[in-house]
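Novice: Once you've had a glance at the structure underneath, I'll fire off some questions.
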C-alpha cells in the first residue's frame, strides 16, 4: 500500500516530477558519459602501451636498463622461460635484443633503439604488427635478401621517408572521399606541390581552409597526400659485440602508426637473426624477455610471483616502467570518484528540494494521515519511497541514455583531430572510443538508490515533525 | 454503557503572550449510539474538544477515557494506534487522499489494519452502497462533488467500526441538498451500525437532527440537552 501511494504521489504533479527526472537524467548521463570519454583515453593509452610498446612484464639483467651494454645478456634462458611460462596468468613470452643505433637517410639522421625480435612470435603476442599503415608494406612478410626494418610513421617523417604529394593521385583520392568539391577547388593551387612534412602542409591548409573545413577535412587531405616510396632504405650504425663501430642498410618492410609519437620516433624493429649476425651476438641470447598476461588486472600479482622466482633479475611491469601511466590510471579513478560525488550531490539536492516542496504542499494531507492512524514509520517510509522512485527513475534513465550514447560513440568513435598534435605527442589517440566498466554501472545504480534514500531522510523527518492538529489547520 | 468519559478537562495554549484556555473544565460522558452536536460560537472550544477526544491533542489537565483507555497514559505511538482502532474522523474539508479512488480511500484504514483483501472489498462495497456511491468507487476525489467527497469521508471513518465518529464541521462546505443527504446517511448509519457520532457544528440543519446538543461558551459547557 505504501509503495502504491508513493508511486501515485510521484505522478501527482507530473510536470514537476518530469522536470526533476529530466534534470537527473541529464546529470547522470553527463557524468557517466564524461567518465566514459575520460576513461577511454586512459584505457586506450594503457592498451596501446601494453600491446604495442611495453608488454605487461619486462625482465632484464639488473644493470641493462642503465648501461645498455650490448653484452649484458640474460643468463640461463631455458630455466627462465620455464619459470615464466609456468606462472599462472602468463599467456606467452618472447625475447628481444636491444641495440642503440643511429638511423640515417640521405637527408637526416637521428638516434633510435634497434629491437631485434622474432616476428612470428611477436605477431602472436602483440598487436604492433596490426598497426602497419596500408600501402607501406607489412610486418616482416615474405622472404627478402635485404635487411629489413619496421619503423614508426613519425620516424619516417623525421627522416623524410614520408612526404605529402599534392599530385593527381592525391586529388583523385580526395574526389573519391567525402571532401566537398568546393574544398578541393580551394586546394587546386597546391596541385603538383610536394610538402616535406605534415607541419608544412598543415600550415598551408590553415591558410586556405576555414576553421570548420580544416577540422572536418584536414585528416582526409593528409591521408590522400601521404606519400611513401616503397623499399626506401635507412642506414643504421651501431657498436657490435666487439666494441667496433659497424652499420648496415635496411629496407623498410612496413611503417606502423600508433598514438605515441615518442615510441614511433625511437623504436625500430628488425628481425632477431639479422641483428644477431650484424652485431655478432650469439643466437639464443636476449637482453630482455617480455611477457604477456591473460588479464591486465593480474599484473601486480604475476609480477610479484615472477620477481620471487627470478630474484637475480630485474622484473618490472608496465606500471613500474611507465609510472606516469600508472599514476594517471590511479588519478583518473579519483577524478571519476570526484565526478560521481558532484553528480550525486546535485542529485541529492534535487531530491531534497522536490521532496521538501512535496511535503510542504501536502502538510494538511500528512496531518490527516497521522490523524486517522497512519503511524510515523509508515509516513516516513512513504516519503522515502517517493524519493527513491524519483532517484531511481532519473538515475536509471540517465544511465540508459548514457549507455546508448556510449554504445553509439564507442562504435563510431569521437574524433578530436583539432587536438591531434598535442594528444599524439603524449601517446593519446585522437579517436576516442568511450568505454565504461559494467561494474561501474552497477556501483552507480546502487549509489543513486543510496543517494535517493539518504536525501529523503530530511524531508521525511520534516513530515514526521508535523503536528496533526496544526497540519490539519494548514498552519505548518 | 459509556464509550467516552471526559472528566474535568482543561486545555490551555501558551503559544501567544497571553495564555488562552480553549477548554475550561469540561465534564461529559457519551453512550454508544449517540448522535450528538457540540455547538457554540467561534472560539468556544468545539474543535479543541474534539481534538482532545480524538487523541490528536493532549489536555493540560483532566482525564479522557475512551473504551477503557486513559488517553493521558498512552505514548504518542500508542495514540496513533488508538486513533486508528477506536476513532473515525470526518473533517470539514473532506481530506481524502487525492491519488486514491473512493474505494481505496474507504479501504485505507482497513489496509492499515491489515484486513484481508476480500473482507476489505466486501466492507468497502457495503459502505459505498450505504453512502449512495456504489457506482463511483473508481472515481478519484477530484472527480466527485463536495457532498460526494464528504460521503466518502464518512464511509472511510466508519470502515473499521470505531467506537465513535468525530466530525468537525462536516457540512460547512456543503450546500443544503448535500447536507441533507449526508445527514440522512449519517443518521441511517448511526441507527443501523449503532455508531456514536459527535459533531462540532454551526449548522442549524445539523443541530435540528441531533438528539443531544452540547453548547460551549468560552470553553465551558453551558448546556447539555437530550431530545
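Every read-out reported here was derived from the displayed coordinates using simple, explicitly stated rules and does not represent laboratory data. Quantities reported herein were computed from a predicted structural model and do not represent experimental measurements. Don't worry about glycine lacking a Cβ; one is built from the backbone with ideal geometry, like all the others, and counts go over all protein chains shown.
Novice: What is the mean projected area of the alpha carbon convex hull for region A:163-227, to one decimal in square nanometres?
Specialist: Details: hull surface 14.3 nm².
Result: 3.6 nm².
Novice: Taking the Cα of residue A:245, stepping 7 Å toward and past its beta carbon, and measuring to each backbone N in region A:83-119: which are under 19 Å?
Specialist: A:99-114
Novice: With contacts defined as alpha carbon pairs under 8 Å and 6 or more residues apart, what's the relative contact order of region A:163-227 in percent?
Specialist: Working: 65 pairs, mean separation 34.9, N = 65.
Relative contact order here is 54 percent.
Novice: Considering chain B as a Gaussian network with a 10 Å cut-off on Cα pairs, which listed residue, B:68, B:88, B:33, attains the greatest mean-square fluctuation?
Specialist: B:68
Novice: What FRET efficiency comes out for the pair residue A:461/residue A:345, r = Cβ-Cβ distance, R0 = 25 Å, nearest 0.05?
Specialist: On the way: r = 19 Å, r/R0 = 0.78.
Approximately 0.80, to the nearest 0.05.
Novice: Given the -39500 (n - 2.57) contribution per DSSP H run of 4+ residues, what per-residue ellipticity at 222 nm results for chain A, rounded to the nearest 500 deg cm²/dmol?
Specialist: Result for chain A: -17500 deg cm²/dmol, rounded to the nearest 500.
Novice: Can you give the FRET efficiency to the nearest 0.05 for residue A:312 and residue A:442, using r as the Cβ-Cβ distance and R₀ = 45 Å?
Specialist: Working: r = 44 Å, r/R0 = 0.98.
In this case the efficiency is close to 0.55.
Novice: By how many nm would the segment from residue A:15 to residue A:78 grow when fully extended, if each residue of separation counts as 0.36 nm and the alpha-carbon distance is taken off? Can you show the working numbers first?
Specialist: Details: separation 63, 0.36 × 63 = 22.68 nm, distance 7.31 nm.
Full extension from residue A:15 to residue A:78 adds 15.4 nm.
Novice: For residue A:144 and residue A:334 in one chain, what is 0.36 nm times their gap in residues minus the Cα-Cα distance, to one decimal in nm?
Specialist: Values: separation 190, 0.36 × 190 = 68.40 nm, distance 5.15 nm.
Separation in residues times 0.36 nm, less the Cα-Cα distance, equals 63.2 nm.
Novice: To continue, here is another question. List the residues of region A:307-322 whose backbone N lies under 13 Å from a point placed 7 Å from the Cα of residue A:300 along the Cα-to-Cβ direction.
Specialist: Those under the cut-off are A:319-320.
Novice: In addition: Using a 10 Å cut-off around each Cβ, can you sort A:447, A:201 from fewest to most neighbouring Cβ atoms?
Specialist: Numbers: A:447 17, A:201 23.
Starting with the residue having the fewest Cβ neighbours, the order is A:447, A:201.
Novice: When you look at the Cβ of every residue in B:79-91, what mean number of other chain Cβ atoms sits within 10 Å? Don't jump to the answer; show the numbers that get you there.
Specialist: On the way: counts 4, 11, 2, 1, 7, 5, 1, 1, 3, 2, 6, 0, 6.
Partner-chain Cβ atoms within 10 Å, mean over residues of B:79-91: 4.
Novice: Specify the residue with the greatest mean-square fluctuation among B:123, B:212, B:70, computed from a Gaussian network of chain B linking alpha-carbon atoms under 10 Å apart.
Specialist: B:70
Novice: Based on the Cβ-Cβ distance of residue B:224 and residue B:21, what FRET efficiency does E = 1/(1 + (r/R0)^6) give at R0 = 22 Å, to the nearest 0.05?
Specialist: Working: r = 20 Å, r/R0 = 0.89.
That pair, residue B:224 with residue B:21, gives E of 0.65.
Novice: Going by how many other Cβ atoms sit within 10 Å of their own, how do A:303, B:171 line up, fewest first? Intermediate results must be reported in sequence, preceding the final value.
Specialist: Numbers: A:303 22, B:171 25.
The fewest-first ordering by Cβ neighbours comes to A:303, B:171.
Novice: Hey, another quick one. Using Cα atoms only, what is the angle between the long axis of helix B:76-86 and the major principal axis of chain B, expressed in degrees (0 to 90) to the nearest 10?
Specialist: 60
Novice: Hey, another quick one. Relative contact order (percent) for chain A, with alpha-carbon contacts under 8 angstrom and 6 or more residues of separation? Don't jump to the answer; show the numbers that get you there.
Specialist: Values: 777 pairs, mean separation 134.5, N = 476.
About 28 percent, as a whole number.
Novice: Here's another thing I want to ask about it. Starting from the Cα gyration tensor of chain A, take the square roots of the eigenvalues, sort them a ≥ b ≥ c, and report rounded, prolate or oblate (rounded when a/c is under 1.5, otherwise prolate if a/b is larger than b/c, else oblate). Intermediate results must be reported in sequence, preceding the final value.
Specialist: Working: a/c = 4.17, a/b = 1.89, b/c = 2.21.
Because a/c hits 1.5 or more and a/b fails to exceed b/c, chain A counts as oblate.
Novice: Let me ask something else about it. Which value at 222 nm does chain B reach when only helices count, each DSSP H run of 4 or more adding -39,500 (n - 2.57), with the total divided by all residues and rounded to the nearest 500 deg cm²/dmol? Please report the intermediate quantities before stating the final value.
Specialist: Working: 7 runs with 80 residues, N = 227.
It comes out at -11000 deg cm²/dmol, rounded to the nearest 500.
Novice: I need A:352, B:20, A:20 ordered by Cβ neighbour count within 10 Å, fewest first. Intermediate values should be presented prior to the final figure.
Specialist: Working: A:352 18, B:20 14, A:20 23.
Exposure proxy ranking, most exposed first: B:20, A:352, A:20.
Novice: While we're here: Region B:85-120 to region A:246-279: how many Å between their Cα centroids?
Specialist: Comparing the Cα centres of region B:85-120 and region A:246-279, I get a distance of 84 Å.
Novice: Sticking with this one: Rounded to whole Å, give me the distance from the Cα center of region A:372-414 to that of region A:138-197.
Specialist: 52
Novice: Taking every residue in A:371-384, how many Cβ atoms of other protein chains lie within 10 Å of its Cβ, on average? Please list the in-between numbers first.
Specialist: Values: counts 12, 18, 18, 8, 8, 3, 2, 2, 1, 0, 0, 0, 0, 0.
Other-chain Cβ atoms within 10 Å of each residue's Cβ, averaged: 5.
Novice: I'd like the orientation of helix A:299-309 relative to chain A: the angle between its Cα long axis and the longest Cα principal axis, in ° from 0 to 90, rounded to 10.
Specialist: For helix A:299-309, the angle is close to 50 degrees.
Novice: Taking every residue in B:54-60, how many Cβ atoms of other protein chains lie within 10 Å of its Cβ, on average?
Specialist: Numbers: counts 4, 3, 9, 4, 0, 0, 0.
What the average comes to for B:54-60 is 3.
Novice: Okay, next question. Determine Rg/Rh for region A:287-415; Rg is computed over alpha-carbon atoms and Rh is the Kirkwood hydrodynamic estimate from the same atoms.
Specialist: Values: Rg = 26.0 Å, Rh = 20.4 Å.
Checking Rg against Rh, the ratio lands at 1.28.
Novice: Something else now. Specify whether the C-alpha gyration tensor of chain B places it in the rounded, prolate or oblate class, a ≥ b ≥ c being the square roots of the eigenvalues: rounded for a/c under 1.5, otherwise prolate if a/b is larger than b/c and oblate if not.
Specialist: On the way: a/c = 1.76, a/b = 1.45, b/c = 1.22.
The shape class here is prolate.
Novice: Roughly how many Å is it from the Cα centre of region B:193-227 to that of region B:47-70, as a whole number?
Specialist: That distance is 17 Å.
Novice: Can you tell me the order of A:403-409, A:109-115 when each peptide is scored by its average per-residue count of other Cβ atoms within 10 angstrom, highest first? Present the calculation step by step, with values, prior to reporting the outcome.
Specialist: Values: A:403-409: 15.0, A:109-115: 17.4.
Ranking, from highest mean packing down: A:109-115, A:403-409.
Novice: Cβ neighbours within 10 Å, averaged per peptide: list B:102-109, B:42-49 in order, most packed at the top. Don't jump to the answer; show the numbers that get you there.
Specialist: Numbers: B:102-109: 24.6, B:42-49: 21.1.
Highest mean packing first, the order is B:102-109, B:42-49.
Novice: Taking chain B as a Gaussian network, Cα atoms linked when under 10 Å apart, which of B:111, B:24, B:190 shows the biggest mean-square fluctuation?
Specialist: Judging by the Gaussian network model, the answer is B:111.
Novice: When a/c reaches 1.5 or more, the comparison of a/b and b/c decides; with that in mind, is region B:75-198 rounded, prolate or oblate per its Cα gyration tensor? Please report the intermediate quantities before stating the final value.
Specialist: On the way: a/c = 1.43, a/b = 1.20, b/c = 1.19.
Here region B:75-198 falls in the rounded category.
Novice: I need the peptides A:72-82, A:2-12 ranked by packing, meaning the mean over residues of other C-beta atoms within 10 angstrom, with the highest value on top. Each step should come with its number before you reach the end.
Specialist: Details: A:72-82: 14.5, A:2-12: 16.7.
Going from most to least packed, we get A:2-12, A:72-82.
Novice: Taking only Cα atoms, what is the 0 to 90° angle, nearest 10, from helix A:376-412's long axis to the longest principal axis of chain A?
Specialist: So the helix axis and the longest Cα principal axis differ by about 30 degrees.
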